[in-house]
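Values quoted throughout were computed directly from the atomic coordinates according to the rules given, and no laboratory measurement underlies them. Only a predicted model underlies this, so the values are computations on that prediction, with no experimental measurement involved. Cβ placement follows ideal geometry from the backbone for every residue including glycine, while neighbour counts extend to all protein chains displayed.
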Amino acid sequence: MKVIVDDKIPYIREALTMMGVDAVYVPGSHIDNALVHYADALIIRTRTRCNATLLEGSSVRFIATATIGYDHIDTAYCASQGIRWTNAPGCNAASVCQYIQSVLLLLQKERGVQLAESTIGIIGVGHVGTLVANMVTMWGMRVLLCDPPRAERGEQGFVSLQEIAREADIITLHTPLTYEGPHRTWHLADEAFFGSLQRKPYFINTSRGETTDTRALQQALDSGLIAQCIIDVWEHEPHIDRHLLECCYIGTPHIAGYSADGKANATRMSLEALSTHFGLGKVPPITPPAPDKTIPQTTSRAEALLHIYNPHTDSSVLKSHPEDFELLRGNYPLRREETAYRFFCRPLR
């Protein structure tokens, strides 16, 4: 069996070797039709578009994407060709939640946002949105949940996008990217959406770049319809809008879900799916390295959490070198989640 693997997927080489799998490792954007012609399986990320152009005439019968999203896979084409595919739902939900947590703590520390007195609108309440909702509820924030597909199925507790626009002080997007249907999310945050905002909120996008109309977002920022924006995902990556990058409060290179813990989860889930499909047996343990820094004694839990991860670090690097978007993403340094640390301090304040 021959497997083509995106060479930026971590912790996978030794595991595949132990599983006796013959793998070829290449950059995701370099995986092409000639390379996959004799491959049995692909393990990829979002930079590889799996469609007829890539797969036509190949022997590929299985695709695992080590990501939550799968809009880079032409699922209809795969179904027509008998190609099974899997994604890694929820793999990096805790990592994105860590990013949102740090962003909110920075808004409180640097921008004077009183979180316990604020309303947050969460658009998209899947794995990530649910974790974020649970976290901010414990902080005493008022939480508005918006998930039209779930509401349409009769689930309770959801509000409309219009109510989010009227009442939220902070808006955060956690939707998949869909281009069709009654609840499409492509340009969900468009000129009409920003024009309907009532409370000059902070706007956060860690979902997919195309869920937000970049031009409309820039206009909303310039005209004061929003207080500021925090952008991790961009239209036309890696060729991002540099003016928006310069203007935004925090701008990062699509790394909100890039904790070592989240990456390890995605790798393990992809290998387990590969093993199940081909009957390869047990997958070796996937364990990320220990944290590369310790937590000093702190005066508050908030201080400790920002010491563990502060998005300003990633933002400063990207703003200094926007041309290195893909390099920064592909060579992201070790980042562990809170559970990898032990620290003692007073409750969050």
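Can you figure out the FRET efficiency of D32 with H183, using R₀ = 30 Å and their beta-carbon distance, to the nearest 0.05?
0.35
Can you flag which of K263/K293; K293/K319; K263/K319 are past 22 Å Cα-Cα?
Numbers: K263/K293 19 Å; K293/K319 24 Å; K263/K319 24 Å.
Exceeds cut-off: K293/K319; K263/K319.
Based solely on its DSSP helices, what 222 nm [θ] is calculated for the chain when runs of n ≥ 4 H residues each add -39,500 (n - 2.57) and the sum is averaged over all residues, nearest 500 deg cm²/dmol?
Working: 15 runs with 128 residues, N = 349.
Value at 222 nm, helices only, nearest 500: -10000 deg cm²/dmol.
Quick check: the distance between the Cα centres of region 276-341 and region 129-176, to the nearest angstrom?
Rounded to whole Å, the Cα centres lie 27 Å apart.
What ranking do 206-218, 147-159, 222-234, 296-308 get when scored by the average of other Cβ atoms within 10 Å per residue, highest first?
Working: 206-218: 21.5, 147-159: 13.9, 222-234: 19.0, 296-308: 16.2.
Highest mean packing first, the order is 206-218, 222-234, 296-308, 147-159.
Separation between the S275 and R84 pseudo-spin-labels, each 7 Å from Cα along Cα→Cβ, expressed in nm?
1.5
Distance in nm between label sites at Q198 and L161, each 7 Å beyond Cα in the beta-carbon direction?
Output for this residue pair reads 1.8 nm.
Quick one: give the max-minus-min coordinate of the C-alpha atoms of the chain along each principal axis, largest first, in Å.
57, 49, 43
Residue separation times 0.36 nm, minus the C-alpha to C-alpha distance between E191 and C247: what's the value? Write out the running numbers ahead of the final one.
On the way: separation 56, 0.36 × 56 = 20.16 nm, distance 1.81 nm.
My answer for the length gained is 18.3 nm.
What does the extension gain come out to for K282 and E56, with contour length at 0.36 nm per residue minus their alpha carbon separation?
On the way: separation 226, 0.36 × 226 = 81.36 nm, distance 3.13 nm.
Taking 0.36 nm per residue and subtracting the Cα distance, the gain is 78.2 nm.
Using the membrane-span-like helix rule (whole DSSP H runs, Cα extent along the own axis of at least 20 Å, mean Kyte-Doolittle hydropathy at least -0.5), which helices of the chain qualify? Display every interim value, and only then the final one.
Working: long enough: 93-111 (26 Å, 0.47); 260-278 (27 Å, -0.32).
Those that clear 20 Å and a mean of -0.5 are 93-111, 260-278.
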